[in-house]
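The values are calculated or read from the model by the stated rules, or taken from the named source; none is laboratory data. Note that the coordinates shown come from a computational prediction; the quantities given were computed from them, not determined experimentally. Every residue, glycine among them, receives a Cβ derived from its backbone with ideal geometry; neighbour counts consider all protein chains shown. The protein model used for the area step is the full one, side chains on, heavy atoms only, and it has no ligands, DNA or RNA in it. Shrake-Rupley method; radii C 1.70, N 1.55, O 1.52, S 1.80 Å.
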Amino acid sequence: MTDTLILSGRWVLPMVPRVPALAAHAVVIRGGRILAVLPQAEAQARYPGAEHRDFPRHALLPGFVNAHTHAAMSLLRGVGSDLPLMEWLQDHVWPAEGKLLSPDFVHAGTRLAVAEMIRSGTTCFSDMYLFPEETARVVDQSGIRAVLGLTVIDFPTSWAATTQEYFQKGADLVAAWQGHRRIRFTLAPHAPYTVSDDTLREIGRRAEHLEVPIHMHVHETAHEVATALTDHGERPLTRLARLGMLQRPFAAVHMTQLDDREHEALMAHPVSVVHCPESNLKLASGFCPVARLLGNGVNVALGTDGVASNNDLDMLGELRTAALLAKGVAGDAAAVNAVQALEMATRNGARALGLEAEIGSLEPGKCGDVIAIDLGSLEFQPAHDPHAQIVYAATRDAVTDVFVAGRALLRDRELLTLDLDELTNLAQTWQERVQAAH
Ligand SMILES: [Zn+2]
């Protein structure tokens, strides 16, 4: 029974509807999957030969699912801060990317991002960026789980010269990594304003063929919607519906602009909204009406976006911002309670990525993606309500241990699959290159 692992904690928070924090419970993992969630004493009696890791001060949770990232952009952390979206993109981010974007850039940036994500309790991320073959290599080597966007934009980049080349490179990526236990895919058209109707139709066909969700920035700002109305006489979401894009699982990122008809359309289609509150706040993009969406039964997941607009990949920070912002936007202190905030960062994220049967909660049969958050320090005492303490008081340095498919990636805050000193040096090297190019 040496392949059996018992993780026991002061609490287990399974993130299963109507299941409370379970005191003195354990998660049993075998072959990378959860075998049982049960009282600690019972777990030890039932699996006597198992390896046992006890976390007497901690809460054990499913790992966080970051449903929208541009991981490699960690090398541009903070570039062009405090500017509006289009100025930030056109004058700072796109020129820097134009000079620097390469397989090396994506490999280095993604390694830095994955190290940061593991250290803050993220076990799965949904990425949208170029050179995803490099992202796949880092995911494979580091032990984290990821959903890689097959990016499509109707203009040339250093990765692909034509729309057909984007499709071909995406197909090559799927062929190379199909069947990998920790790598999945989405079709990822960048945004309504960078992809034509014909390209979107082809994306819809390919998503159906591969049975994967579509992952796209939609209604990020009022400016985006107003420009679409002026240029095409149609709001972007209306256009996506007309093209049949919302008939299948669709992860719509940002969604700060929604009228009543659009709220109804979201309820009638398998659309998840990926809320990125800190990016929206920093770029003054607007407010996603999260409380209304959740009240309507729409699946709302959570993403950090890239660190150039955040400036971190910290899901604990993000879910706290999401909970606080939703109350302010709704004018209702009961909007997005602590359990809902944690659900957005775990099971709702899994659903947005089409992985609800695999990850997002601690239940038998799901993957052994588990994190331990230390609630034993003075700052958390007395810990009456572990869900609320995590959402409103915990910071990412309280995440001590991270497991993906039962494999330890972080042990007592030490990275086990990536070298912290080497990454710090790598970041310094790239800081000089980015400054020279910027
Ligand atoms: Zn984004």
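General observations
- Label positions at ALA333 and GLN164, each projected 7 Å from the Cα along the C-beta direction, are separated by 6.2 nm.
- Over all Cα atoms in segment 1-126, the spread is summed up by Rg and Dmax: 20.9, 62 Å.
- For segment 113-219, the alpha-carbon radius of gyration amounts to 1.06 times the rule-of-thumb value 2.2 N^0.38 Å expected for a compact globular protein.
- ARG201 paired with LEU229, simple spin-label distance in nm, labels 7 Å along Cα-to-beta-carbon: 2.8 nm
- Each principal axis of the Cα atoms in segment 298-368 has its own extent, and those three values, largest first, are 39, 31, 19 angstrom.
- Each label point was placed 7 Å from the Cα along the Cα-to-Cβ direction; for GLN435 and ALA45 their separation is 6.3 nm.
- Counting all C-alpha pairs of the chain, share separated by more than 36 Å (%): 23 percent
- Principal axes of segment 185-315: Cα extent on each, largest first, Å: 35, 34, 31
- Cα centroid of segment 259-275 to Cα centroid of segment 377-415, whole Å: 33 Å
- Surrounding net charge for ASN337, when Lys and Arg each add one and Asp and Glu each subtract one, Cβ distance under 13 Å: -1
- With kT/(6 pi eta Rh) evaluated at 37 °C and eta = 0.692 mPa s, and Rh the Kirkwood radius from Cα pairs, segment 280-438 diffuses with a coefficient of 184 µm²/s according to Stokes-Einstein.
- Here the accessible area of the chain is 50 percent carbon and sulfur, with a 1.4 angstrom probe and all protein chains present.
- Counting only DSSP beta bridges with both residues in segment 1-105, the antiparallel share comes to about 65 percent.
- Its Kirkwood hydrodynamic radius, worked out from the mean inverse distance over all distinct Cα pairs, puts segment 223-275 at 11.5 Å.
- A 1.4 Å probe run over the chain, with the rest of the protein chains in place, finds 38 Å² accessible per residue.
- Coupling constants for segment 213-223 follow from the phi torsions by the Karplus curve (6.51 cos²θ - 1.76 cosθ + 1.60, θ = phi - 60°), and in residue order they are x, 9, 10, 8, 5, 9, 6, 6, 9, 5, 4 Hz; glycine and proline get x.
- 222 nm mean residue ellipticity, helices alone, for the chain (DSSP H n ≥ 4; -39,500 (n - 2.57); rounded to 500): -11500 deg cm²/dmol
- Segment 359-431, Cα convex hull volume normalised per residue, Å³: 139 Å³
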